[in-house]
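Peer 1: I have a structure here, written as structure tokens, and I will follow up with some questions on it.
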Ligand SMILES: [Zn+2]
């Protein structure tokens, strides 16, 4: 029997919030959560008591979890979730919140990702990231995902003939997008020479292949269509979503992600085809993983992303706009908020609120998530297709 | 990355001695199985007896069938280097001091993919490699991919010429060695073996330097060898040698021992036992107090840092051999103290190597049947153990057999030894 999942007809996403990023902050993660919540309330006209649910993602709350945050910020909730899935957090949070609202378990759910970045935060987080990382990665000097993505990139280049220039084109296009996005931490254009000659980090990766950790927050609200109309806020419809974890564990090295298993279901449920997609937000902590998402979501075949990148212009005014706010590579990676960056930007795009980065006539966008290098590969994959009122 | 092994430059004495930093030490308990095997120079992975899956990283259950009864089994380490990187940046202070650093992903023929250090002799990916397990400077297992072409030597020569991986072994090459008793047949054999292995200086301790044996005088004619006065039963003697040499010794070989046969009933009184304890146990304590702190301070002192402290123990330290009962007791005491010393030296990255030989072919084991180990064979095994980076060394067939029996069931071994087997 063909499996058919319920749709999201009566539930919407609204009030995308991006708290400006800073390279370092002396504030705690709770400060960024509070600031995001406040912005959600101001943007919606809701009161704090109207929030019935919270779906929180953060790496730097320790020793707290979302539970501690309820008391810390005086939130009395009837629905609470903590999503420790890094770059897939926004997709997964969205999925959980949509069902909570549709079922009536919570009328309004705030999805928030927030992280601080002290001078030593990143290093401290690495040592306790996962058991496998502590046992089998950190002792090799490769704290953090740099080495893991260096392996993937080197392998991908060797097997599929990708060139540094291909990844460079993607990074430069994102930087161009970022120059039109007010919150981006990188404010200068990037040239191909600068990209190619940047200092090496973990060969073949160089400086501009790697995200810069920073502090910040991203958030949005999930509520019923009726409630959104009542509040008078712009909202986006969710056409379809997917998620997968630890797909293809037998692959010797990660060359594909869980999107591949569900992509046909994703487009079928959304009732759209690839060419209907006006922009793509990938999870882009390194360019190779953006290439993999283009392939596994079906915009091109396996190993064809380099050619796809060569054939398209990827800026907001291009033939295939990617990471329209500049992505993490040019905006910064505010911990778990990095997983939300594409989602808030996509909501702004389809609701006509993207301002400088607006893709002309953007109606339908695809947001992809990827997260958690537990040992040698990212384990969480997800995607969502959003549509604006004009779609 | 692959600096040629040539002679290290003489250290500028005005430069600050590097603070001993260690690679990350934290491991889950289940991952320590890898360390336990590496301490014996073995590369073992978890194997599921139910479905045959070999897995890595170590887990609490089989990731295929969820069986909880996993066993650690020796692996050939054969596999393919599928991707590699050179790190130019690390968040870890130990590695930050040692950039650039080459790492690889290795797909073992038996299934799992491993992250490993790459030896400088390994070709560009893809290529065949072999994984070996070594103890890193923190005393924890680290996996190293070496070129598959090296199939004879267990890592010694190939490891020695990699400037980074030299830290994971204790190669005597270009190092200064103190042998605490140079007078015995073993002491002479050790002295010669270290000279042959490329040590810069070997100091041979002699309790009564005015009474040299013919053998020692011959050894002393070797250019690198100097005989020094050292009586490990005399606190002042140990102290004054410590003051003179402590800051120079890179490898200390504590081979001074007293061995008298018999257990309790066959030798009345405590005199023999007292002299065994005075040398075998208290001698170690005296040495550790005078040489330990200064060797700890030099644990990260560049290419020729203080690197190892070797104790000559005995398989009898694990379980008493009743016909050599008081000797067994003194070695058990020394073993326990050596574990304490190991814990104290570990924070400085100085490895305490315990050697557990079976009976030596010497005057005190005349009544035992062969096989007995010659002084030359034991000396060679100790040098190789240091080159291989082993922490617990069971040289020779007898020692290996005792180890296997002891690991299988210490109680059964005790019963067997009680009836003299
Ligand atoms: Zn199994």
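Peer 1: For the range A:40-52, enumerate the residues that are under 15 Å from residue A:75 (Cα atoms) and either surrounded by fewer than 17 Cβ atoms within 10 Å (Cβ to Cβ) or within 23 Å of the chain's Cα centre (by Cα) (or both).
Peer 2: Residues satisfying the conditions are A:40, A:41, A:47, A:48, A:49, A:50.
Peer 1: Here are some residues: B:204, B:193, B:199, B:189. Which one is buried (at least 20 other Cβ atoms within 10 Å of the Cβ) and part of a strand (DSSP E or B)? Before you say what the answer is, go through the steps one by one.
Peer 2: On the way: B:193 fails: part of a strand (DSSP E or B); B:199 fails: part of a strand (DSSP E or B); B:189 fails: part of a strand (DSSP E or B).
Only one candidate passes the filter, namely B:204.
Peer 1: Can I ask one more? Looking at the range B:247-301 only, could you name the residues that are touching a strand residue (DSSP E or B) at 6+ places or on another chain (Cβ under 8 Å) and in a loop (DSSP other than H, G, I, E, B)?
Peer 2: B:248, B:249, B:250, B:255, B:256, B:257
Peer 1: Give the residue, chosen from B:27, B:64, that is in a loop (DSSP other than H, G, I, E, B) and within 16 Å of the ligand (Cβ to nearest atom). Even if it seems obvious, please write down each step before you answer.
Peer 2: Values: B:27 fails: within 16 Å of the ligand (Cβ to nearest atom).
The unique qualifying residue is B:64.
Peer 1: While we're looking at this one, here's another question. Are there helices (runs of 4 or more DSSP H) fully within the range A:247-356 with at least 2 residues that are surrounded by fewer than 19 Cβ atoms within 10 Å (Cβ to Cβ) and either more than 14 Å from chain B (Cβ to nearest Cβ) or at negative phi (or both)? List them. Working first, answer last.
Peer 2: Working: elements: A:259-270, A:287-296, A:305-311, A:327-331, A:341-350.
Per the criteria, A:259-270, A:305-311.
Peer 1: Can you tell me which residue among B:273, B:297 is modelled with pLDDT under 95 and surrounded by fewer than 22 Cβ atoms within 10 Å (Cβ to Cβ)?
Peer 2: On the way: B:273 fails: modelled with pLDDT under 95.
The unique qualifying residue is B:297.
Peer 1: Still on this structure, please answer the following. Scan the range A:118-145 residue by residue and report those that are in contact with a strand residue (DSSP E or B) (Cβ under 7 Å, 6 or more places away or on another chain) and either at pLDDT 95 or above or facing chain B (nearest Cβ under 8 Å) (or both).
Peer 2: A:122, A:136, A:137, A:139, A:140, A:141, A:142
Peer 1: Residue check: is residue A:58 in the same structural domain as residue A:343 (by TED's automatic domain parsing), in contact (Cβ under 8 Å) with a residue 24 or more places away in the chain and within 30 Å of residue B:89 (Cβ to Cβ)?
Peer 2: Values: in the same structural domain as residue A:343 (by TED's automatic domain parsing): no; in contact (Cβ under 8 Å) with a residue 24 or more places away in the chain: yes; within 30 Å of residue B:89 (Cβ to Cβ): yes.
So residue A:58 does not fit the description; no.
Peer 1: Here is a list: B:407, B:341. Which entry is surrounded by 19 or more Cβ atoms within 10 Å (Cβ to Cβ) and more than 13 Å from residue B:312 (Cα to Cα)?
Peer 2: Working: B:407 fails: surrounded by 19 or more Cβ atoms within 10 Å (Cβ to Cβ).
The conditions single out B:341.
Peer 1: Looking at B:49, B:58, which one is within 25 Å of the chain's Cα centre (by Cα), part of a loop (DSSP other than H, G, I, E, B) and within 16 Å of the ligand (Cβ to nearest atom)? Show your work before the answer.
Peer 2: Numbers: B:49 fails: within 25 Å of the chain's Cα centre (by Cα).
Answer to the selection: B:58.
Peer 1: Identify the residue in the range B:108-120 that is in a strand (DSSP E or B) and more than 8 Å from every other protein chain (Cβ to nearest Cβ) and, among all such residues, is nearest to the chain's Cα centre (by Cα). Give the steps one after another, and end with the answer.
Peer 2: Quick first cut of the range B:108-120, residues in a strand (DSSP E or B) only: B:108, B:113-118.
Adding the requirement that they be more than 8 Å from every other protein chain (Cβ to nearest Cβ) leaves B:108, B:118.
Numbers: B:108: 27, B:118: 22 Å.
The residue in question is B:118.
Peer 1: Another question, then. Which of the residues that make up the range B:68-107 are within 16 Å of the ligand (Cβ to nearest atom), part of a loop (DSSP other than H, G, I, E, B) and loosely packed, with under 14 Cβ neighbours inside 10 Å? Spell out how you get there, then give the answer.
Peer 2: Quick first cut of the range B:68-107, residues within 16 Å of the ligand (Cβ to nearest atom) only: B:68-73.
From the residues that got through so far, the ones that are part of a loop (DSSP other than H, G, I, E, B) too are B:68-70.
Answer for the range B:68-107, where residues must be within 16 Å of the ligand (Cβ to nearest atom), part of a loop (DSSP other than H, G, I, E, B) and loosely packed, with under 14 Cβ neighbours inside 10 Å: B:68, B:69.
Peer 1: Hey, another quick one. Quick check: is even one residue across the range A:146-159 within 9 Å of chain B (Cβ to nearest Cβ), assigned to a helix (DSSP H, G or I) and without any contact (Cβ under 8 Å) to a residue 12 or more places away in the chain?
Peer 2: Yes: one or more hits.
Peer 1: Residues A:185, A:170: which one is within 19 Å of residue A:23 (Cβ to Cβ) and either in a loop (DSSP other than H, G, I, E, B) or more than 14 Å from every other protein chain (Cβ to nearest Cβ) (or both)?
Peer 2: The match here is A:185.
The values are calculated or read from the model by the stated rules, or taken from the named source; none is laboratory data. Keep in mind that what you see is a predicted model, and the values were worked out from it rather than measured. Quick reminder, even Gly has a Cβ in these numbers, built from the backbone with ideal geometry, and neighbours come from all protein chains shown.
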